[in-house]
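Peer 1: Sharing a structure with you now.
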Amino acid sequence: MYRTITKIAKRFFTDAQIYKYGFNWSPMYRRSTGRLVTVSEDLMYVKIKIPLSIKNRNFVGTIFGGSLFSATDPIYMIQLMNILGDNYVVWDKSATINFKRPAKETVFSEFIFSEEDLNLIKTEVSENGEFNLVKTPPKIVDEDGTIIAELSKTIYIADKVFYKNKRKRKTNSLA
């Protein structure tokens, strides 16, 4: 469904607009209480905010940790899928969050891919067919820059043909 809507939207909007408003209007992302506030035209930079609200306030009056985690979870994968295009398979493989202090107000997180990241991904995938990229820089911070939580994401990236052949081999070995 989302791919079909995206194909139609590409006739009228930029990729950055589709990415930002697609996330912000998506029911599954809205439930996280996160909102994308900035998306660069090349999709290499995304900034989100997670406001403290009645929807995510926990028993002690701070932002529920699950809201912090769920608001950050899908960003890198979808961001990379859009940057790399249809010749690659991109999956979230693992994620961790390390809470440093309670989120008592609106918090923010930035998701950045550099040209070096993309060159590394393309080189590794062309040489090995697949690659696990670990992104550790994202932090959830308050308006003053105080670290609320640190994230680590492992993203699996593969050449689409390599991935299909790998799945086929796996299926055949199970039969």
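Peer 1: Whether any residue in segment 47-54 is open to solvent by 90 Å² or more (accessible area, probe 1.4 Å), farther than 14 Å from Phe111 by Cα, part of a helix (DSSP H, G or I) and of a type in the set (A, V, I, L, M, F, W, C) is what I want to check. Walk me through it before giving the result.
Peer 2: Of the residues in segment 47-54, the ones open to solvent by 90 Å² or more (accessible area, probe 1.4 Å) are 54.
Remaining after also requiring farther than 14 Å from Phe111 by Cα: 54.
Right, trim to part of a helix (DSSP H, G or I) and you get none.
Within segment 47-54, none of the residues are open to solvent by 90 Å² or more (accessible area, probe 1.4 Å), farther than 14 Å from Phe111 by Cα, part of a helix (DSSP H, G or I) and of a type in the set (A, V, I, L, M, F, W, C).
Peer 1: Within segment 76-105, which residues are part of a helix (DSSP H, G or I) and in contact (Cβ under 8 Å) with a residue 40 or more places away in the chain? Even if it seems obvious, please write down each step before you answer.
Peer 2: Of all residues in segment 76-105, those part of a helix (DSSP H, G or I) come to 76-84.
Selection gives Tyr76, Met77, Ile78, Gln79, Leu80, Asn82, Ile83, Leu84.
Peer 1: Please give the number of the condition Asn24 fails out of (1) surrounded by 12 or more Cβ atoms within 10 Å (Cβ to Cβ); (2) under 24 Å from Lys100 (Cβ atoms); (3) polar (S, T, N, Q).
Peer 2: Among (1) surrounded by 12 or more Cβ atoms within 10 Å (Cβ to Cβ); (2) under 24 Å from Lys100 (Cβ atoms); (3) polar (S, T, N, Q), Asn24 violates only (2).
Peer 1: Consider only pairs whose beta carbons are under 8 Å apart and that are at least six residues apart or on different chains; among these, list those whose first residue lies in segment 157-170 and is closer than 17 Å to Ser126 by Cβ and whose second residue is open to solvent by 70 Å² or more (accessible area, probe 1.4 Å).
Peer 2: Ala158/Lys166; Asp159/Asn87; Asp159/Ser126; Lys160/Asp86; Lys160/Asn87
Peer 1: Hey, can you tell me all the residues within segment 134-150 that are touching a Phe, Trp or Tyr at 6+ places or on another chain (Cβ under 8 Å) and surrounded by 11 or more Cβ atoms within 10 Å (Cβ to Cβ)? Working first, answer last.
Peer 2: Looking only at segment 134-150, we keep the residues that are touching a Phe, Trp or Tyr at 6+ places or on another chain (Cβ under 8 Å), and these are 135, 138, 140-143, 148-149.
Residues satisfying the conditions are Lys135, Pro138, Ile140, Val141, Asp142, Ile148, Ala149.
The values are calculated or read from the model by the stated rules, or taken from the named source; none is laboratory data. Given the structure is predicted, the values throughout are model-derived calculations rather than measurements. Virtual Cβ from ideal backbone geometry, glycine too; neighbours counted across all protein chains shown. Ligands, DNA and RNA are stripped out before the accessible areas are found, and what is left, the full protein with its side chains, is counted by its heavy atoms. Shrake-Rupley method; radii C 1.70, N 1.55, O 1.52, S 1.80 Å.
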